[in-house]
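A quick write-up on the structure given underneath.
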Amino acid sequence: MAAALGFAAFLLLLPPLWATKPSVEPADGSASSEEPADTRAAGRARARSGPVPVPDVTKLCACDLLVAQCDANCCCDPDCSAEDFSLFTTCSIPIVTGDSRLCSQKAAVYSLDVEANPPERIFKVIDQVNPNLFCIHATNYKQALSFSTPEMPTSENFDELLQRFGSATFSAEPDSWNENTDAPNPSDANETNRYEYGVPIQTVDAFLRLPSPVVSSWCSDANPAGFLINQATKCIRSVSVEKCGTIQAVSMLFYINSSILAVPNSSQMVNISVQSITVQSLNGTRTLLNGTDVLRLPMVLDELCINMVLGVSYHITYTDTGEITEAAAAFVLGAINKEALSIEQSFEVSFTQVNTEPVALSGNPGYIVGLPLRAGFWSQGSGIIQNTNKYSQLTILHSTSSQDCLAAQGARTPVLFGYNMISGCTLRITAAMKCQPLTQTLLDLLKGQSFPEYVASFGNSQAQDVLDWVPITHLHSSEQSSCQIPVSLEIEVKWTKYGSLVNPQARIVNVTAAITTTTLMQLPSGRERTVPVTSSVVFTDVSSPAEPGYKAWPTINVKLPFDFFFPFV
């Protein structure tokens, strides 16, 4: 359809580009020999009908997502009032237009007057001219502006529809659009020589299989593994002891005999190696075999079928340029007796970038109660850098049996999602202690040597997705005195239920770390003072329950600045 519109635009611009001899009608009104009558009649018909009207840009709004509610920073949302506009920080969509390929069209421009008191929205409609030479003068092809009503089969047209759409493949485009079929596909020229996220991993014969249930619980081998998508599936496979040697899907060869293409549509191949083989007995006991160079194929032995594939775990290594360098498979082989009619198979695929260590997830996607919060630091040019050691992420002071703060330095415990925790120790202050060294010692005790800057909003947030990480807000409460020493660290983690109401996922939306200090009084010589030092973590669910009959995901029921990230999709 785009090709048709572009061709029409090219024809519409021919008259201004090349001078043509104007047709002149005789004085008696008869048609000139240079212009047929039917051509002039068609031109008058087009002049009477005129171009098809374009949509009203004042009624278009791509950021209007919530029903009957004002969307954050959406200046074209009709549900927003003047009070709402006064809380906006910017217009997320400043210009709203129709088809950008038109030569001339109306454009709605939205902006904020922040100097006004209170701030207000400014709205105006302007004429926008497309500087491109090849543009569409008028969208006069009506069929391109809407979906055509499908032709319903009747007793009169059934044979015709069967001839058109009854084959394995068919085209709904007119025959005139299929001219010059030998021309190269422009998409092939732009095809990148690397894997992108979600693209099926290609093999020599097809794609890397990751069997999964489709309609029922039975296995379907038509499910490809997507690049960088960690998956885990389980399905049921119909088997019989007598034919187990001929069932391909229960043999190791079925999963390693086809090499993976290093990049799509290339001749460079990566063989799938056997990483490990685990044998499972009839009672469920598993034994890891020492050698992986022996191929174990299904075979019948004493009314049993052994070496049947019960599970496959693929592990793929890739580079930052989207090239697969290694592929390995870990197998779980088992046996069945003649009474078994089916087996359950499990499949997994995971990815690791070259020269990096895999980071353990805390949920997929939402956090799971009891798993540590994933934290990291911001690095210019590298995004979020996170430590693979959970004890080097977001941690708090770990209490010791002696309760001595100076002896508890370095003892940390990770912050676990959903667990409210409190720990502490006792600090004995003497007259010889100085303010500045003691302050730094207590800060290191409460925050650790490297307190993180960001916390992942989801349990599976990727380091390169910076917007998927929540910055930690630091608060400081102290008295007005010459020497203040920190005595407590209070971490509050606000989270919300995100996604479907049937299967909500835990998402972190805000993290604050508050340091409370106290005044260090000068003690007389020989005197001591005992000060309790505490660390605590509190998890707060800020989800709002959905209103009856309103089909939307939970939102935070607060009236705060509209650039606050509400938990909606």
Does V241 fit the bill of being modelled with pLDDT under 85, β-branched (V, I, T) and surrounded by 13 or more Cβ atoms within 10 Å (Cβ to Cβ)? yes
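Condition check ((1) of a type in the set (G, A, S); (2) modelled with pLDDT of 95 or more) across all residues:
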position	(1), (2)
P452	no, no
N460	no, no
L467	no, no
H474	no, no
P486	no, no
G499	yes, no
Q505	no, no
T512	no, yes
Taking first residues from the stretch 227-238 that are closer than 30 Å to R194 by Cα and second residues anywhere that are among the aliphatic types (A, V, I, L, M) and open to solvent by 60 Å² or more (accessible area, probe 1.4 Å), the pairs with Cβ under 9 Å that are 6 or more apart or on different chains are N230/L361
Scanning the stretch 103-132 for residues that are free of Cβ contacts under 8 Å to residues at least 24 places away in the same chain and part of a strand (DSSP E or B) gives V109, D113, I122, K124, I126, D127
Those residues of the stretch 244-255 which are hydrophobic (A, V, I, L, M, F, W, C) and open to solvent by less than 60 Å² (accessible area, probe 1.4 Å) amount to C244, I247, A249, V250, M252, F254
Within the stretch 221-238, residues being surrounded by fewer than 15 Cβ atoms within 10 Å (Cβ to Cβ), of a type in the set (S, T, N, Q) and more than 14 Å from S313 (Cα to Cα) number 1
The residue that is modelled with the highest pLDDT, considering only those in the stretch 410-432 that are surrounded by fewer than 16 Cβ atoms within 10 Å (Cβ to Cβ) and farther than 30 Å from G363 by Cβ, is T426
Residue hits (the stretch 202-220; closer than 13 Å to L261 by Cβ and open to solvent by less than 60 Å² (accessible area, probe 1.4 Å)) are Q202, T203, A206, L208
Checked against (1) more than 26 Å from E528 (Cα to Cα); (2) open to solvent by 40 Å² or more (accessible area, probe 1.4 Å), T441 satisfies every condition except (1)
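Yes/no per residue for (1) within 14 Å of I201 (Cα to Cα); (2) touching an Asp or Glu at 6+ places or on another chain (Cβ under 6 Å); (3) not hydroxyl-bearing (S, T, Y):
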{"residue": "F227", "(1), (2), (3)": "yes, no, yes"}
{"residue": "K243", "(1), (2), (3)": "no, no, yes"}
{"residue": "T246", "(1), (2), (3)": "no, no, no"}
{"residue": "S251", "(1), (2), (3)": "no, no, no"}
{"residue": "N257", "(1), (2), (3)": "no, no, yes"}
Residue count, the stretch 476-533, condition on the phi < 0 side of the Ramachandran plot, open to solvent by less than 40 Å² (accessible area, probe 1.4 Å) and small (G, A, S), comes to 4
Note on Q280: of the conditions (1) touching a Leu at 6+ places or on another chain (Cβ under 7 Å); (2) surrounded by 18 or more Cβ atoms within 10 Å (Cβ to Cβ), unmet is (2)
The residue that is most open to solvent (accessible area, probe 1.4 Å), considering only those in the stretch 326-358 that are among the aliphatic types (A, V, I, L, M) and touching a residue at least 60 places away in the same chain (Cβ under 8 Å), is L341
Flagged in the stretch 73-102 as touching a residue at least 60 places away in the same chain (Cβ under 8 Å) and closer than 23 Å to C135 by Cα, in numbering order, are R101
Those residues of the stretch 143-176 that are more than 30 Å from C75 (Cα to Cα) and at pLDDT below 60 come to a total of 9
Taking first residues from the stretch 418-446 that are part of a helix (DSSP H, G or I) and β-branched (V, I, T) and second residues anywhere that are open to solvent by 40 Å² or more (accessible area, probe 1.4 Å) and modelled with pLDDT under 90, the pairs with Cβ under 8 Å that are 6 or more apart or on different chains are T441/L406; T441/Q409
Taking the stretch 71-96 and keeping residues surrounded by fewer than 17 Cβ atoms within 10 Å (Cβ to Cβ) and touching a strand residue (DSSP E or B) at 6+ places or on another chain (Cβ under 6 Å) leaves P94, I95
Among (1) closer than 24 Å to Q393 by Cα; (2) of a type outside the set (V, I, T); (3) assigned to a strand (DSSP E or B), R529 falls short only on (1)
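The values are calculated or read from the model by the stated rules, or taken from the named source; none is laboratory data. No experiment lies behind these values; they were computed from the predicted model shown. Glycine gets a Cβ as well: all are built from the backbone with ideal geometry, and neighbour counts include every protein chain shown. To get the accessible areas, we keep the full protein, side chains included, count just its heavy atoms, and leave off ligands, DNA and RNA. Shrake-Rupley method; radii C 1.70, N 1.55, O 1.52, S 1.80 Å.
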